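Written below as structure tokens is the structure these notes are about.
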Amino acid sequence: MSRTNRAYRLRRRPAGKVTDADLEFVTEPVGELGDGQALVQTLVLSLDPTNRIWMSDHRGYMPPVPLDSVMRGLGVGRVIESRRADLPVGAHVLGWTGWQELTVADDSALISPFTVLPDPLPAPPSAFVGVLGHTGITAWLGLEILALAPGETVVISGAAGAVGSIATQLAKSQQARVVGVAGGPEKCAHVVEDLGADACVDHRAEDWHDQLVAATPNGIDGDFENVGGPLMDAILDRLNIGARVALCGMIADYNQFGDGSEPIGQRAVGQLLMTRSTLQGFLVLDYAERFAEIVEQLAGRWATGKLRAEETVVDGLENAREALDQLFTGGNRGKLVVRVSG
Ligand code: NAP
């Protein structure tokens, strides 16, 4: 059967905000399946800050997406045609769908093969890239690094976002004093009232630094760092002796990659020395052998209503390029996904 695919191809490396000229939306034919291949229809595409890193040739943890190839991305899909036993028609799968409607799955997967999800699906497809996927797992791992004792103060930047919203709730369940950082009064109200933080710093307010000081009267024992830049410096300046920093992301930098400017950089790294604190960068992809165990923990909390799964859903693959910018302007609340089909 002849089919067409709609996809984004990376035509050039962006400088600042990603444009149509960087990421071209194309319609292309899909060939017949060969032996050992299956056709996966994308249901949900995950939009992640790291997509912007992959588009650039900045030194990252994965090679840059090659020019003219389909944009790399994680998604949840359904097998609609198959010539392989391990991917039967109708199965829901999680994996590297790319920014496209149809993916030919075969053994040439450069990163990792598709994972078949339970049947019937115990949660909406978007949950498998959100609370029960890499997002929730990242929050869990960052909190393990922080090893918070009850009563300790943790600051979580990006607290209204995908990883941050899960980390905020999990940290609260560990009896920590949780201070979220989010953009704008509405998001801050959400972080306190819905996610359970003790306080929230509005990083877009002029007095954000005063707010941070007021919210952390006993200093800071843990920093779940999603942002970097001046905000991170202000947090480092308030670390207590023996504090821990889980360096999850530095989103303040990503949208500048390729525009010729220097990385924002950190001014207050010396405070790690003064306070004998530790900083650990971590990547969720390094912990594949622990995914099942962590997802079981998250699923138990989610299914019993102890963990809210916030998400922002954008309809239509044709809107993915524009939607990505929400991650840098703060347009999203919770996990940002594109509903591609279904
Ligand atoms: P997200 O938090 O849902 O979206 C990004 C949010 O960051 C935006 O909504 C915005 O919220 C905030 N933001 C953007 N630019 C900012 C700036 N200059 N200053 C302060 N806040 C800013 O995205 P996510 O997927 O959960 O990712 C969060 C961080 O975790 C990113 O740095 C990402 O790279 C990292 N991450 C790391 C791993 C890992 O394995 N290490 C895995 C997943 C994600 P406001 O409206 O609040 O400003």
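Given the options Trp99, Trp140, name the one that is among the aromatic types (Phe, Trp, Tyr) and farther than 15 Å from Thr42 by Cβ.
Going through Trp99, Trp140 in turn, just one is among the aromatic types (Phe, Trp, Tyr) and farther than 15 Å from Thr42 by Cβ: Trp140.
Among the strands (runs of 3 or more DSSP E) confined wholly to the stretch 1-114, which include 2 or more residues that are open to solvent by 60 Å² or more (accessible area, probe 1.4 Å), out of contact with any Phe, Trp or Tyr (no Cβ under 8 Å at 6 or more places or on another chain) and modelled with pLDDT of 95 or more?
23-30
Restricting the search to the stretch 245-268, which residues are more than 15 Å from the ligand (Cβ to nearest atom) and either touching a residue at least 24 places away in the same chain (Cβ under 8 Å) or within 21 Å of Thr216 (Cβ to Cβ) (or both)?
Across the stretch 245-268, the qualifying residues are Gly258, Gly260, Arg267, Ala268.
Looking at (1) of a type outside the set (Lys, Arg); (2) surrounded by fewer than 24 Cβ atoms within 10 Å (Cβ to Cβ); (3) under 24 Å from Ala234 (Cβ atoms), which is the one condition that is false for Thr168?
Checking Thr168 against (1) of a type outside the set (Lys, Arg); (2) surrounded by fewer than 24 Cβ atoms within 10 Å (Cβ to Cβ); (3) under 24 Å from Ala234 (Cβ atoms), the one that fails is (2).
Scan the stretch 299-320 and give yes if some residue there is over 26 Å from Trp140 (Cβ atoms), open to solvent by 20 Å² or more (accessible area, probe 1.4 Å) and part of a helix (DSSP H, G or I), otherwise no.
yes
Cβ-Cβ under 7 Å, sequence separation 6+ or interchain: first residue in the stretch 181-204 and among the β-branched types (Val, Ile, Thr), partner open to solvent by less than 40 Å² (accessible area, probe 1.4 Å) and assigned to a helix (DSSP H, G or I). Which pairs?
Pairs that qualify, where the first residue is among the β-branched types (Val, Ile, Thr) and the partner is open to solvent by less than 40 Å² (accessible area, probe 1.4 Å) and assigned to a helix (DSSP H, G or I), are Val181/Leu231; Val191/Thr168; Val201/Leu212; Val201/Ala215.
Is it the case that some residue within the stretch 279-286 is open to solvent by less than 70 Å² (accessible area, probe 1.4 Å), assigned to a helix (DSSP H, G or I) and under 21 Å from Glu144 (Cβ atoms)?
Yes, because at least one residue in the stretch 279-286 is open to solvent by less than 70 Å² (accessible area, probe 1.4 Å), assigned to a helix (DSSP H, G or I) and under 21 Å from Glu144 (Cβ atoms).
Residue check, Val155 against (1) out of contact with any helix residue (DSSP H, G or I) (no Cβ under 7 Å at 6 or more places or on another chain); (2) modelled with pLDDT of 95 or more, all met but one. Which one?
Looking at each condition in turn, Val155 falls short on (1).
Given the condition surrounded by 15 or more Cβ atoms within 10 Å (Cβ to Cβ), over 22 Å from Asp237 (Cβ atoms) and either in contact with a Pro (Cβ under 8 Å, 6 or more places away or on another chain) or polar (S, T, N, Q) (or both), answer yes or no: does some residue in the stretch 144-165 qualify?
Checked against the condition, which is being surrounded by 15 or more Cβ atoms within 10 Å (Cβ to Cβ), over 22 Å from Asp237 (Cβ atoms) and either in contact with a Pro (Cβ under 8 Å, 6 or more places away or on another chain) or polar (S, T, N, Q) (or both), the stretch 144-165 yields at least one hit.
Any residue that is at pLDDT 95 or above, more than 13 Å from the ligand (Cβ to nearest atom), open to solvent by 30 Å² or more (accessible area, probe 1.4 Å) and over 24 Å from Gln175 (Cβ atoms) - is there at least one of those in the stretch 211-228?
No.
Tell me, yes or no, whether the stretch 251-267 has at least one residue that is surrounded by 13 or more Cβ atoms within 10 Å (Cβ to Cβ) and acidic (Asp, Glu).
Yes; the residues of the stretch 251-267 include at least one that is surrounded by 13 or more Cβ atoms within 10 Å (Cβ to Cβ) and acidic (Asp, Glu).
Restricted to the stretch 277-308, and to residues that are more than 10 Å from the ligand (Cβ to nearest atom), closer than 30 Å to Pro14 by Cβ and aliphatic (A, V, I, L, M), which residue is modelled with the highest pLDDT?
Leu279
The values are calculated or read from the model by the stated rules, or taken from the named source; none is laboratory data. Please read these numbers as outputs of a predicted model, since none were measured by experiment. Please note: Cβ atoms are built from the backbone with ideal geometry, for glycine as well, and neighbour counts cover all protein chains shown. We work out accessible area using only protein heavy atoms, side chains counted, and drop any ligands, DNA or RNA first. Shrake-Rupley method; radii C 1.70, N 1.55, O 1.52, S 1.80 Å.
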